[in-house]
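One structure is given below, encoded as structure tokens.
The values are calculated or read from the model by the stated rules, or taken from the named source; none is laboratory data. Here the structure is a predicted model, which means the values were calculated and not measured. Positions of Cβ are generated from backbone atoms using ideal geometry, with glycine treated the same way; all protein chains shown enter the neighbour counts. Heavy atoms of the whole protein, side chains included, go into the accessibility calculation; ligands, DNA and RNA do not. Shrake-Rupley method; radii C 1.70, N 1.55, O 1.52, S 1.80 Å.
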Amino acid sequence: MHVLVLNCGSSSVKYQLFDMAAESVLAWGLVERIGEPESRAALQVRGADGDAAREVTDDPVPDHAEALERILDALERAGLGGDLVGVGHRVVHGGETFVAPTVIDGQVIAGIKAQVPLAPLHNPANLLGIEVAMAALPEVRQVAVFDTAFHQSLPPRAYRYALPASLYTDYGVRRYGFHGTSHAYVARRAAEHLGRPLEACNLITAHLGNGASVTAIEGGRSVDTSMGLSPLEGLVMGTRSGDLDPAVVFHLMREAGLSADEVERLLNRESGLKGLCGANDLRHIEQRARDGDADATLALEVFCHRLRKYLGAYAAVLGRVDALVFTAGIGENSPTVRAEACRGLAGFGVTLDPGRNDRRADGELLAVHAEGSAVAVLVVPTDEELEIAEQTLACVQG
Ligand code: ADP
């Protein structure tokens, strides 16, 4: 029983093929720079001995249909062509229409198209992936798994902005939230670790990668999350500003003469850690801070201060917190960020054990709180592809 997970960007296709019985990855890879002369396909297949056979080709890949053909051909040649029970597509924006993974038909495609104004860069690329996969594998059921779906349980008090009501009804201006598959996955793993049903758990999950978001989970359901209408709101990120006085936007337009598109680019691509210290890779920033670089030190401080504010805010939203969960590149690998984010939160019941915290997850769940900490602090490696595969399987099995 195999499930293929596809994550299509405007010029790339990432894939993983799962054996669902063994929960193992059989093949994975990436076709990138599609349509450019330097396009490249890196396809890997795990052999029976557990070692990966790797194939990298740099023949031009003109379009997404050809990219998928290369992937399916590599799977076929490795003897992995059969047994496919479903294809799971990562879709960024499901708006208010999609609250769960959904088997794709014409109506679902129209529904995803209707959300394009909310995700103009992502949804068209996701749709392209769906179209080429449906054409190449017409007999296999295809499932859309939405980044936003997990957060459709937010109550209006958390998802509405304090704006004229017509902006919500006419333009869909509200908080949607993203990274839903990751928050859902680590929440499930955390509940398993706590030995309680997810429905009985209150959690704060912090997904800290290049993009970063925090979610308050009450009884297993998302009740507040830091990303909003778009992934720009909330935490300081690699290149995104996160929360900002909206007046910054019109101040920049009036005083610096920037257009709306230029401000959008500035806030999405030139801000965050990169804006503060010129770099967005936290490993380099931490090294520079250790070497005494003032900009890198400030960037880390701003990043951790914003994160700590959200942890406190979501502790207040939830009232009782069973576990605080760190995940993604930074959450899994930076003891410094975890320690700084939790500093001073003893009053909220959060106490880290410095020795336990001073480790990397390396694919394993870590409990890093001190003995007697009222709130468990867990490091849970995320696996968005596995979550998409599991949701896809559950969906095709009805
Ligand atoms: P995304 O999938 O959003 O691109 P990731 O989840 O891979 O991002 O996270 C990327 C971030 O994780 C980068 O800032 C990177 O520097 C950071 N990171 C990865 N490994 C380490 C490490 N060992 N120590 C500190 N930060 C790390």
Worksheet entry | Residue in region 329-347 that is farthest from Cys304 (Cα to Cα), counting only those that are buried (at least 17 other Cβ atoms within 10 Å of the Cβ) and away from the ligand (no atom under 16 Å from the Cβ) | Leu345
Practice prompt. Pull up region 284-315, narrow it to residues that are in contact (Cβ under 8 Å) with a residue 40 or more places away in the chain and within 20 Å of the chain's Cα centre (by Cα), then point me to the one that is farthest from the ligand (Cβ to nearest atom).
Written response: Tyr314
Item to complete: Go through region 111-133 and count every residue that is open to solvent by 60 Å² or more (accessible area, probe 1.4 Å) and outside any loop (DSSP other than H, G, I, E, B).
Response: 6
Worksheet item: In region 236-283, what residues are more than 14 Å from the ligand (Cβ to nearest atom) and polar (S, T, N, Q)?
Response: Ser241, Ser259, Ser271
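When you check Val321 against the structure, is it part of a loop (DSSP other than H, G, I, E, B), in contact with a His (Cβ under 9 Å, 6 or more places away or on another chain) and more than 16 Å from the ligand (Cβ to nearest atom), yes or no?
no
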Worksheet item: Are any residues in region 221-232 open to solvent by 20 Å² or more (accessible area, probe 1.4 Å) and either touching a strand residue (DSSP E or B) at 6+ places or on another chain (Cβ under 8 Å) or more than 16 Å from the ligand (Cβ to nearest atom) (or both), and if so, which ones?
Response: Arg221, Val223, Asp224, Leu229, Pro231
Worksheet item: What are the residues in region 285-316 that are open to solvent by less than 30 Å² (accessible area, probe 1.4 Å) and closer than 30 Å to Gly219 by Cα, if any?
Response: Phe303, Cys304, Leu307, Leu311, Gly312, Tyr314, Ala315
Practice prompt. Among the residues of region 233-257, write down those that are open to solvent by less than 50 Å² (accessible area, probe 1.4 Å), touching a helix residue (DSSP H, G or I) at 6+ places or on another chain (Cβ under 7 Å), over 19 Å from Phe303 (Cα atoms) and not β-branched (Val, Ile, Thr).
Written response: Leu252
Discussion item. Among the residues of region 204-211, are any more than 16 Å from the ligand (Cβ to nearest atom) and at pLDDT 95 or above?
Written reply: yes
Worksheet item: How many residues are crowded, with 24+ Cβ neighbours inside 10 Å and out of contact with any strand residue (DSSP E or B) (no Cβ under 8 Å at 6 or more places or on another chain) if we restrict to region 185-220?
Response: 1
Practice prompt. For region 9-86, please list each of the strands (runs of 3 or more DSSP E) lying entirely inside it that holds at least 2 residues being in contact with a His (Cβ under 7 Å, 6 or more places away or on another chain) and either buried (at least 20 other Cβ atoms within 10 Å of the Cβ) or of a type in the set (Ser, Thr, Tyr) (or both).
Written response: 13-19
Worksheet item: If you go through region 139-149 one residue at a time, do you hit one that is charged (D, E, K, R) and under 20 Å from the mean Cα position of the chain (by Cα)?
Response: yes
